[in-house]
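Let me begin by presenting the structure, written as structure tokens, before commenting on it.
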Amino acid sequence: MSSIDDGCGKQILVLAAGCLTSFSSGIMVSFPAVLNPSIMAPNGTIHATSDEASWIAASNGITGIFGFFFLSPLFQKFGRKYVNFGVNVVQLIGWIIFVFADTILELLSARMMQGVVVGSYFITAITVTEYCDPKRRGYFMSMKKISQAMGSLACHSLALVVNWRYISAFAAVPLIISAIMILFWPESPAFLAMKGRFEECEKSFIWAHGNSIEKQKELKDLINAQAERLERKKNMPTKRLLLAKLFKKLIRKDFLKPFLIVSLLTIAIDASGRFFLLAYLTQIMIEITGDESIGMYCSVASDVLLICALSTSCILIRLFKRRTILFTLGAFAVTLMFLVSLALVIKSHFHIATEVRWLVPSIILMHSFVSHVGLVPTAFAISAEIFPLEHKGLGSFAGGIVFTTFYALSLKVTPIMIEDTGVSGTYALYGICVIVCLVLLYLILPETKDKTLQQIEDEIKGVKRTVESNVLLSISDRSKSYPQASN
């Protein structure tokens, strides 16, 4: 392969498959906004109470918790390629069940089936980071989020002309295309290095990145780090209880620090409205304005702004440091959340600006825009790159449990909060959560922009590598010294 070929086209192939999966996931996240009004209507073909509808919406977050118990181990044992393929198949089955569903139980089953692979948010993100160039990693993550936003826009827009069954059928198509594209990937070079399959790692790395001097150095660092880990593991006592090994890994600093960072980022994302706005923005707008048509149009407008925001984030995340974007725009987003709360309190208690019906909806849309320019894409980018390679399986599992727990809670609790405390109280409480997360992250979050995954791992572990020659060590020599079988 030519030394000037940096593998951009191959990386785009990986990204495209991930974006198609994210597009369908965007429809899945927004689907309650379409499904719930239909099944709660008196004349619907399937009728559900408001409590049943909220359980259907939240159920995929609940099953997502259990899904991580086997999804993450499979991801770490069998590799990125086949797990990504399986994620598409399972989500596809869920959409097929939706198309033919005739009962509440079948709707719940379809939503729960898709919940099993809610962890694909982490799985596809980690996969893309392992195949792509460090300088592309940030805006590749933003493009994945744009794809999800486009799925949400498609869901809300199609709801104006067709029912939820047709939307379910539409959502199945990108999953089929993505699954076909995945078959043309080699396995992730990082995964192959972790398993000691260094010859395959070299071929996969060159496929994805090319064979320039700079990339040879990056490949060498990857192989050296994993070879050292395998050597240490080979010299460890072979008879050790699995639970003891797991516990020892859980209390290691190089696991705990990334896990705390990912947990705080996840809570900040959820509290900022990443998911509850997609599912309940229409309900929130109707609560504020009393006009159902305004609620529907605001949902579509929110999706358009979301796509614009994430497109803007592709530029910002390329130009500015992760910490700068996260804390500057995160603080701005929190300010807007409290402004929403304050405006609603003033409007309801003092009857000021009651005739300006678009004032509060405009602030809400502005908050959503600012969150998706800075906080949301930056948080997802960091979450995908912060765990050391040996902890990615356990890290995606533990982080996924946090993600699915708060995802399910936000979908289940938000309607209750709106009913009990109003939209003003809901925004105030969520705003406080975001502030706490940002303050803690300010104290512990390292900068990751334009660093290789190995450099980020070394910083987390406190490892300082000596400057070595750019000449790549013989992979065949490595393969003789270390085991080829998966560990």
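Among residues of the stretch 446-460 being in a loop (DSSP other than H, G, I, E, B) and open to solvent by 10 Å² or more (accessible area, probe 1.4 Å), the one that is farthest from Leu256 (Cα to Cα) is Asp450. Determine whether Gly67 is within 18 Å of the chain's Cα centre (by Cα) and either of a type outside the set (A, V, I, L, M, F, W, C) or open to solvent by 20 Å² or more (accessible area, probe 1.4 Å) (or both). Yes, satisfied.
Checking each residue in the stretch 25-66 for being under 12 Å from Ile104 (Cα atoms) and of a type in the set (Val, Ile, Thr) picks out Ile39, Thr45, Ile46, Thr49, Ile56.
Exactly one residue among Tyr427, Tyr442 is assigned to a helix (DSSP H, G or I) and closer than 29 Å to Arg318 by Cβ, and that residue is Tyr442.
On the given criteria, is Ile104 of a type in the set (A, V, I, L, M, F, W, C), more than 14 Å from Ser168 (Cα to Cα) and open to solvent by less than 10 Å² (accessible area, probe 1.4 Å)? Explain how you work it out, then say what you get.
Working: of a type in the set (A, V, I, L, M, F, W, C): yes; more than 14 Å from Ser168 (Cα to Cα): yes; open to solvent by less than 10 Å² (accessible area, probe 1.4 Å): no.
In short, no.
So for the stretch 86-95 (the condition being within 28 Å of Ile284 (Cβ to Cβ), at pLDDT 85 or above and not small (Gly, Ala, Ser)), does at least one residue qualify? Explain how you work it out, then say what you get.
Looking only at the stretch 86-95, we keep the residues that are within 28 Å of Ile284 (Cβ to Cβ), and these are 91, 94-95.
Subset that is at pLDDT 85 or above: 91, 94-95.
Okay, now just the ones that are also not small (Gly, Ala, Ser), so 91, 95.
Checked the stretch 86-95: at least one residue is within 28 Å of Ile284 (Cβ to Cβ), at pLDDT 85 or above and not small (Gly, Ala, Ser).
Taking the listed residues Tyr121, Tyr139, the one that is at pLDDT below 90 and open to solvent by less than 50 Å² (accessible area, probe 1.4 Å) is Tyr121, with no other qualifying. Residue count for the stretch 196-213 satisfying the condition of being in contact (Cβ under 8 Å) with a residue 60 or more places away in the chain and either open to solvent by 10 Å² or more (accessible area, probe 1.4 Å) or more than 23 Å from His391 (Cα to Cα) (or both): 10. Put simply, of Phe70, Phe100 the only residue that is at pLDDT below 85 and over 28 Å from Pro377 (Cβ atoms) is Phe70.
If we keep just the residues of the stretch 10-61 that are in a helix (DSSP H, G or I), β-branched (Val, Ile, Thr) and open to solvent by 10 Å² or more (accessible area, probe 1.4 Å), which is nearest to Ile177 (Cα to Cα)?
Initially, the stretch 10-61 is screened for residues in a helix (DSSP H, G or I), giving 10-40, 50-61.
Filter once more, so that each one left must be β-branched (Val, Ile, Thr): 12, 14, 21, 27, 29, 34, 39, 56.
The next check asks that each one be open to solvent by 10 Å² or more (accessible area, probe 1.4 Å); those that pass are 12, 34.
Values: Ile12: 15, Val34: 24 Å.
Here the residue is Ile12.
Given the options Ser302, Ser263, name the one that is within 22 Å of Ser25 (Cα to Cα), open to solvent by less than 50 Å² (accessible area, probe 1.4 Å) and either in contact with a strand residue (DSSP E or B) (Cβ under 8 Å, 6 or more places away or on another chain) or modelled with pLDDT of 90 or more (or both). Steps first, please.
Values: Ser302 fails: either in contact with a strand residue (DSSP E or B) (Cβ under 8 Å, 6 or more places away or on another chain) or modelled with pLDDT of 90 or more (or both).
One residue alone meets the criteria, Ser263.
Take Asp254 and tell me if it is modelled with pLDDT under 80, farther than 22 Å from Ala331 by Cβ and over 15 Å from the mean Cα position of the chain (by Cα). Answer is no for this residue. Against the conditions (1) farther than 30 Å from His209 by Cα; (2) of a type in the set (Val, Ile, Thr); (3) touching a residue at least 40 places away in the same chain (Cβ under 8 Å), Val87 satisfies every one except (1). Candidates in the stretch 418-430 are the residues that are in contact (Cβ under 8 Å) with a residue 12 or more places away in the chain and either open to solvent by 40 Å² or more (accessible area, probe 1.4 Å) or within 17 Å of Pro32 (Cα to Cα) (or both); of these, the one that is farthest from the chain's Cα centre (by Cα) is Ile418.
Within the stretch 388-416, take every residue that is closer than 22 Å to Leu365 by Cα and buried (at least 20 other Cβ atoms within 10 Å of the Cβ) and give me the one that is nearest to the chain's Cα centre (by Cα). Out of the qualifying residues, it is Tyr407. Where helices (runs of 4 or more DSSP H) fall entirely within the stretch 246-334, those with at least 1 residues that are basic (Lys, Arg) are at 253-271, 292-319. What's the total number of residues in the stretch 281-302 that are of a type outside the set (Val, Ile, Thr), out of contact with any Gly (no Cβ under 9 Å at 6 or more places or on another chain) and touching a residue at least 24 places away in the same chain (Cβ under 8 Å)? Residues in the stretch 281-302 being of a type outside the set (Val, Ile, Thr), out of contact with any Gly (no Cβ under 9 Å at 6 or more places or on another chain) and touching a residue at least 24 places away in the same chain (Cβ under 8 Å): 6 in total.
Mind checking which residues of the stretch 151-161 are open to solvent by 10 Å² or more (accessible area, probe 1.4 Å) and at pLDDT 90 or above? If the condition is that a residue be open to solvent by 10 Å² or more (accessible area, probe 1.4 Å) and at pLDDT 90 or above, then Ala154, Leu158 are the ones that fit.
With respect to the conditions (1) of a type in the set (Lys, Arg); (2) out of contact with any helix residue (DSSP H, G or I) (no Cβ under 7 Å at 6 or more places or on another chain); (3) surrounded by 24 or more Cβ atoms within 10 Å (Cβ to Cβ), Lys144 falls short on a single one, namely (2). Taking every residue in the stretch 305-319 that is within 20 Å of His367 (Cβ to Cβ) and pairing it with any residue that is open to solvent by 50 Å² or more (accessible area, probe 1.4 Å) and not hydroxyl-bearing (Ser, Thr, Tyr), at least 6 positions away or on another chain, the pairs with Cβ-Cβ distances below 7 Å are Leu305/Phe369; Ile307/Met150; Ala309/Phe369.
The values are calculated or read from the model by the stated rules, or taken from the named source; none is laboratory data. Nothing here was measured: the structure is a model prediction, and the numbers come from that model. Counting neighbours? That spans all protein chains shown, and the Cβs are built from the backbone with ideal geometry, glycine included. For accessibility, only protein heavy atoms count, side chains too; no ligands or nucleic acids. Shrake-Rupley method; radii C 1.70, N 1.55, O 1.52, S 1.80 Å.
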